[in-house]
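Note sheet for the following structure.
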Amino acid sequence: MSKLALVYWNAFGLQPISEYKFHPKRKWRFDYAWPHLKIAAEIEGGIWTNGAHVRGKHFMSDLEKYNTAAKLGWRVFRFVPQQLNNGGAQLFMAEVLKGAIMNICSRNHDEIVFDGNHCPFCIYIDEKETEIRGILSDHSKMVNETP
């Protein structure tokens, strides 16, 4: 995983578990998973080189894996390595994770001690998102300025 991915996902206190085995009987694993939210990210390599997972047999087994995961309540998001390297996957997943957390948070607002009109968790998420957008902006400038 790139350093940028770690910075982005960890900023929300949501470090993914790598190679997470999600099925009780099969050996299937997700590249990155947040089991408590039942959210996973898969990095699909070899799309430009006719890699194994874009050819018949492996493609079909991936379909079985993803469909079974969905049946078990998982949300699986798929990316290519370029999206991980340029920060796009991290930005997208941070939005997904934020949405999942906010849904949990909004359902439990009655149980949370409020500071004004916002719960402390919502405030924390907003502050971290602003911080992360700055990090991504700096990273983007570095990448674009590299000859």
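Grab the Cα-Cα distance for LYS57 and HIS36, subtract it from 0.36 nm times how many residues apart they are, and report the gain in nm with one decimal.
Here the segment from LYS57 to HIS36 would lengthen by 4.4 nm.
Sort LEU63, LEU84 so the one with the fewest other Cβ atoms within 10 Å of its own Cβ comes first.
LEU63, LEU84
For the pairs LYS27/LYS57; LYS27/LYS98; LYS25/LYS98, flag any whose C-alpha to C-alpha distance is greater than 22 Å.
Pairs exceeding the cut-off: LYS27/LYS98; LYS25/LYS98.
Which order, highest average first, do 69-75, 91-97 follow once you tally other Cβ atoms within 10 Å for each residue and take the mean per peptide?
Going from most to least packed, we get 91-97, 69-75.
Could you line up GLU131, GLU42 from fewest to most neighbouring Cβ atoms inside 10 Å?
Fewest-to-most Cβ neighbours within 10 Å comes out as GLU131, GLU42.
At 0.36 nm per residue, and after removing the present C-alpha to C-alpha distance, how many nm does the segment from THR68 to VAL80 gain when stretched out fully?
2.2 nm
Every number here is computed from the coordinates shown, using simple stated rules; none is lab data. Here the structure is a predicted model, which means the values were calculated and not measured. With ideal geometry, Cβ positions are generated from the backbone for all residues, glycine too; neighbour counts draw on all protein chains shown.
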